[in-house]
Amino acid sequence: YAVFFIFVYMKNQNPIGLFDSGIGGTSIWKEVNALMPFENTIYIADSKNAPYGLKSKEEIIALSCKNTEFLLNNNCKIIVVACNTATTNAIKELRAKYDVPFIGIEPAIKPAALHSKTQTIGILATKGTLNSELFHKSVENHPDVKIIEQIGHGLVQLIENGDINSPEMEELLKSYLNPMVEKNIDYLVLGCSHYPYLIPQIQKIIPSHIKIIDSGEAVAKQTQKIIEQNHLLNSSKEKSSQIFYTNSEPEVLETILNHNEKVIYKNF
């Protein structure tokens, strides 16, 4: 019994793994870390291959498997797919292939559809997410709500380059958001984990009555729930370890994290 207890205790101290096609999933990591500050985490930013939204389903699955294996080799006890495109295209295959709990992230259509007064909501997402089977199933669940879809061409690349506050970003956002506003949306769903970093710019463009929804808090709560169900909660109250890997220049990731966390460059 003692040996089993020590094994379980050590496994509980293993990190939560998170991956994204770049730095965007740190918006999910921040919510997870805020909710569970004693959990160790490993985050990988596959920025070299960003954005996933322009890749084929087969490419997205292959990259997601590679990222998963990197995290499993670092003893992660649960994996958060902190990327809408990877979730909607690859999570079914990941769950079938690997014996570890996976948490996915999907556009928060349901709460927007349920609370919309105008019965019209907007969704800003990547091509890979909007074209996925999982996304179409979510849309079909709300036949009474008009859903205005917009591919965020170029947004991920600008964020990855650190150009969040650039004039080019402002022009792109205006061209995507103004038509939605004209169609009387009252909710804007951000369907990419990179996009929460654009909320200050978005708020300057859209009227204040339009509510912006992203999935970060819901994903963090679901992660905590699954960790507890699997008896994997880290009971240690020691300072947790947060490690970030990137296969691109680390400066933008360090800036997003306010230079508070350790970022390691590794060509995985």
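The values are calculated or read from the model by the stated rules, or taken from the named source; none is laboratory data. These figures come from a predicted structure and were not determined experimentally. Every residue, glycine among them, receives a Cβ derived from its backbone with ideal geometry; neighbour counts consider all protein chains shown. The area values use the complete protein model at the heavy-atom level, side chains included, leaving out ligands, DNA and RNA. Shrake-Rupley method; radii C 1.70, N 1.55, O 1.52, S 1.80 Å.
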Of the residues in region 54-113, those that are over 17 Å from LYS127 (Cβ atoms), among the charged types (D, E, K, R) and in a helix (DSSP H, G or I) number 7
Condition set open to solvent by 20 Å² or more (accessible area, probe 1.4 Å) and not basic (Lys, Arg), scope region 109-133, selection modelled with the lowest pLDDT: answer is GLU133
Those residues of region 135-185 which are within 21 Å of LEU253 (Cβ to Cβ) and open to solvent by less than 20 Å² (accessible area, probe 1.4 Å) amount to GLY152, LEU155, VAL156, LEU158, ILE159, MET169
Report task. Answer yes or no: is there a residue in region 26-35 that is at pLDDT 95 or above and among the charged types (D, E, K, R). Result -> yes
Expected single match for in contact with a helix residue (DSSP H, G or I) (Cβ under 7 Å, 6 or more places away or on another chain) and of a type in the set (Lys, Arg) among LYS48, LYS57, LYS66, LYS92 is LYS57
Among ALA62, ALA2, the single one that is open to solvent by 50 Å² or more (accessible area, probe 1.4 Å), of a type outside the set (Ser, Thr, Tyr) and at pLDDT 95 or above is ALA62
For helices (runs of 4 or more DSSP H) lying entirely in region 197-268, having 3 or more residues that are within 20 Å of the chain's Cα centre (by Cα) and surrounded by 15 or more Cβ atoms within 10 Å (Cβ to Cβ) picks out 216-229, 251-256
Picking from THR68, THR88, the residue that is at pLDDT below 95 and either closer than 20 Å to TYR245 by Cα or β-branched (Val, Ile, Thr) (or both) would be THR88
Within region 116-151, the count of residues that are of a type in the set (Val, Ile, Thr), part of a strand (DSSP E or B) and within 17 Å of ASN184 (Cα to Cα) comes to 5
